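Every number here is computed from the coordinates shown, using simple stated rules; none is lab data. These figures come from a predicted structure and were not determined experimentally. Positions of Cβ are backbone-derived with ideal geometry, glycine not excepted, and every protein chain shown enters the neighbour counts.
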Amino acid sequence: MTLLIAFLSLFAIVVGAIVLVMLLTGLFFEIMNARHPERRIQKDRVNNRKWQELKQAPVSILTLTSCFVFGLFAQQQGWTIAPLELSWWSGPLMLLASVVLYDAWFYWVHRLLHRKPFYRFHALHHKSVAPTVWSNHHESFVEALLNQAYYALVVFVLPMPWQMLVLQKLYDQISGMLGHAGYEHFASPAGRSPWPLASTVFHDQHHGTFRFNFGHTFSFWDRWMGTLHPRYDETLKTFEAGDVAASPQPQMGPERR
């Protein structure tokens, strides 16, 4: 009973934190988007599905919280491999290793969800062809479970200090919403070749075309596997210019629902 109470207490804290971060991040991007309409990526499409997307958010949040709290709680109870003591080198090293590992996990799970037998679990998310910051949690239970099971398992294979696990989850929450924001506010050369980072344009093209850009933080899996949008680097570069409103945007491709 004591373990159950401890687990539920941690669960409640994490749910509250995720909701708070979601609302603050969403509000930030809604303000930014309203101030900079010229940075809208899919200029020919409008998404009026905000409230439909938010209706699904509790399913997504409860599922991801369950996975994350299980991993964190299991580590606290000593059921996993012993984490490294947090230090100036172990923290950044484990965080970087886990972010890279999660990107591989996300890429291949995402590719799997686009296969015909599994797409029914992913179709809800793709109803938002032009995503908004709220599209991040517009997903089915199965999709959320497949994506977030990583956090329940990584503590059994990577000696990651719990502080870095929390930091990665915070990064994952914010970067996921950034990727769905629908407006490119932070375009830079670091988001295109030869650098490996992705961008808002990167994931927006996935929603707009359906068949490209399956990664999360990095673009290298898509580059290696031939699934990078052929005009990704070109499109992102147009948003680095001062007057993006005047820059012609390459076509995103046919709408796919």
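For the subset of region 226-243 comprising residues that are hydrophobic (A, V, I, L, M, F, W, C) and without any contact (Cβ under 8 Å) to a residue 24 or more places away in the chain, which member is surrounded by the fewest Cβ atoms within 10 Å (Cβ to Cβ)? Residue satisfying both the conditions and the ranking: Ala241. There is at least one residue in region 125-134 that is among the aromatic types (Phe, Trp, Tyr) and surrounded by 15 or more Cβ atoms within 10 Å (Cβ to Cβ).
Residue-by-condition table, conditions (1) over 16 Å from Ser60 (Cα atoms); (2) free of Cβ contacts under 8 Å to residues at least 12 places away in the same chain:
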{"residue": "Arg115", "(1), (2)": "yes, yes"}
{"residue": "His126", "(1), (2)": "no, no"}
{"residue": "His138", "(1), (2)": "no, no"}
{"residue": "Ala152", "(1), (2)": "no, no"}
{"residue": "Pro159", "(1), (2)": "yes, no"}
{"residue": "Val166", "(1), (2)": "yes, no"}
{"residue": "Lys169", "(1), (2)": "no, no"}
{"residue": "Asp172", "(1), (2)": "no, no"}
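Scanning region 151-167 for residues being surrounded by 21 or more Cβ atoms within 10 Å (Cβ to Cβ) and either in a helix (DSSP H, G or I) or not aliphatic (A, V, I, L, M) (or both) gives a total of 5. Quick test for you: out of Ile5, Ile13, Ile81, pick the one residue that is part of a loop (DSSP other than H, G, I, E, B) and farther than 30 Å from Tyr183 by Cα. Of Ile5, Ile13, Ile81, the one residue that is part of a loop (DSSP other than H, G, I, E, B) and farther than 30 Å from Tyr183 by Cα is Ile81.
Looking across Trp51, Trp88, one residue alone is out of contact with any Asp or Glu (no Cβ under 8 Å at 6 or more places or on another chain) and part of a loop (DSSP other than H, G, I, E, B). It is Trp88. The residues in region 189-221 that are without any contact (Cβ under 8 Å) to a residue 12 or more places away in the chain, in contact with a Ser or Thr (Cβ under 9 Å, 6 or more places away or on another chain) and of a type outside the set (Gly, Ala, Ser) can be counted, and the count is 1.
Screening Trp51 on (1) surrounded by 18 or more Cβ atoms within 10 Å (Cβ to Cβ); (2) more than 23 Å from Leu197 (Cα to Cα) shows it passes everything except condition (1). Restrict the check to region 194-203 and report whether at least one residue is part of a loop (DSSP other than H, G, I, E, B), surrounded by fewer than 18 Cβ atoms within 10 Å (Cβ to Cβ) and touching a helix residue (DSSP H, G or I) at 6+ places or on another chain (Cβ under 8 Å). There is at least one residue in region 194-203 that is part of a loop (DSSP other than H, G, I, E, B), surrounded by fewer than 18 Cβ atoms within 10 Å (Cβ to Cβ) and touching a helix residue (DSSP H, G or I) at 6+ places or on another chain (Cβ under 8 Å). For region 129-150, a residue qualifies if it is assigned to a loop (DSSP other than H, G, I, E, B) and small (Gly, Ala, Ser), and the qualifying residues are Ala130, Ser140.
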